[in-house]
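Enquirer: The structure that follows is given in the form of structure tokens.
The values are calculated or read from the model by the stated rules, or taken from the named source; none is laboratory data. Predicted model only: the values in this text are computed from it and were never measured. For neighbour counting, all protein chains shown are included, and Cβ atoms are generated from backbone atoms with ideal geometry for every residue, glycine included.
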Number of protein chains: 2
Amino acid sequence: MMTEHEDYLVLEKQLCFSLYSASHRLVRSYRLLLEPLDLTYPQYLAMLVLWQQPELNVKELGEKLYLDSGTLTPLLKRLETKGLVSRTRSQQDERVVHIRLTEQGQLLKAQASHIPKTIFQQSAMPLEQLQQLKHSCDLLFQQLEAL
Amino acid sequence: MMTEHEDYLVLEKQLCFSLYSASHRLVRSYRLLLEPLDLTYPQYLAMLVLWQQPELNVKELGEKLYLDSGTLTPLLKRLETKGLVSRTRSQQDERVVHIRLTEQGQLLKAQASHIPKTIFQQSAMPLEQLQQLKHSCDLLFQQLEAL
DNA sequence: CTCAATTGAATTGTGTGCAATATACTTGAG
DNA sequence: CTCAAGTATATTGCACACAATTCAATTGAG
């Protein structure tokens, strides 16, 4: 008694809901591992970037994380309060705010090094399937971004 | 110069970040389509459930959406304000709140019927790959849920 | 050189997520 | 029958996301 279109409106059939739920559940798994580091998942993402590139500005960080200043400014202020990063305005262009990893922030990297492997083990899924999942997510992102 | 563990700490190699970004981007695509219906994506998810089952309580809805009352109560109050659902306490057990689809809420279903197909087209990805993506997300969710 | 347009960040406001707590109600062991 | 334990929902508080706006600083066309 459902039209073809209406049938697609079933929650369990929607890819987006699966993606949405899996993403939240995965972040929840990270939460337990990040609690000892006193980091939230988005803060951990920012630290990941800084561990690779210890200095960059808010715009550059936003481009890597796909987040805007409305999200990043308060997040970075919290990281600053914890002593993990410093925020200083550029001398050359005072609109720009440089984010720098502090020594304390650098030290935190060692405590995070086990996390990716732990999450991988918790997923209890074949590496190959996870790689394929990642690849499909990246492609989906690109397709939607391109619109 | 990176240890094996440290190499995993590269943002672009992390499945979770791909999942996280793809999920947010997909919700953003929904946002444009849902704007004419005056619904947010989580509100749309709640409506999807109600279009299948026009009456249920908060706990049942939470089990379907994997959300708790802290999220659902304000969300459902907003749907009530829009006239899409009613919220009434059970006579038998006054702790229970029944959520019912209103006539206006029912009418909204027709306006949403095109959305799944539109999103599918915007993804510009093969149906088979999307199905596989959904399946992997569902599996990942289950594995993490089972811990 | 000048001012309109642009840019980078911050601010504001709305709406989730979710942990923790509170509250009211129901149930069941004794 | 009673009260301790459990249950369903609501409330509170914190941290994102993100659109919209503001503001200060820079840039570039004429």
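Enquirer: Kindly provide the set of residues from the range A:39-80 that are more than 9 Å from DNA strand D (Cβ to nearest atom) and of a type outside the set (A, V, I, L, M, F, W, C), ordered by number.
Expert: A:52, A:53, A:54, A:55, A:57, A:59, A:60, A:62, A:63, A:64, A:80
Enquirer: Oh, and also: Which of (1) under 28 Å from residue B:130 (Cβ atoms); (2) buried (at least 18 other Cβ atoms within 10 Å of the Cβ); (3) at pLDDT 95 or above does residue B:101 not meet, given it meets every other one?
Expert: Only one criterion is unmet by residue B:101, namely (1).
Enquirer: Looking at the structure I just gave you, is residue A:80 within 16 Å of DNA strand C (Cβ to nearest atom) and either in contact with a His (Cβ under 7 Å, 6 or more places away or on another chain) or more than 27 Å from residue B:28 (Cα to Cα) (or both)?
Expert: Yes; evaluated as a whole, the condition is true for this residue.
Enquirer: Check every one of the helices (runs of 4 or more DSSP H) wholly within the range A:1-103 and list those with 3 or more residues that are more than 19 Å from residue B:144 (Cβ to Cβ), without any contact (Cβ under 8 Å) to a residue 12 or more places away in the chain and more than 14 Å from every other protein chain (Cβ to nearest Cβ).
Expert: A:69-81
Enquirer: Scan the range B:117-133 and give yes if some residue there is within 14 Å of residue A:19 (Cβ to Cβ) and either exposed (fewer than 14 other Cβ atoms within 10 Å of the Cβ) or among the aromatic types (Phe, Trp, Tyr) (or both), otherwise no.
Expert: Within the range B:117-133, one or more residues are within 14 Å of residue A:19 (Cβ to Cβ) and either exposed (fewer than 14 other Cβ atoms within 10 Å of the Cβ) or among the aromatic types (Phe, Trp, Tyr) (or both).
Enquirer: Something else now. Only one of (1) surrounded by 12 or more Cβ atoms within 10 Å (Cβ to Cβ); (2) touching a helix residue (DSSP H, G or I) at 6+ places or on another chain (Cβ under 8 Å) fails for residue A:57. Which number is that?
Expert: Against the list (1) surrounded by 12 or more Cβ atoms within 10 Å (Cβ to Cβ); (2) touching a helix residue (DSSP H, G or I) at 6+ places or on another chain (Cβ under 8 Å), residue A:57 comes up short only on (2).
Enquirer: Look through the range A:12-32, keep the residues that are away from DNA strand D (no atom under 15 Å from the Cβ) and surrounded by 18 or more Cβ atoms within 10 Å (Cβ to Cβ), and return whichever of them is nearest to residue B:138 (Cα to Cα).
Expert: Looking at residues that are away from DNA strand D (no atom under 15 Å from the Cβ) and surrounded by 18 or more Cβ atoms within 10 Å (Cβ to Cβ), I get A:18.
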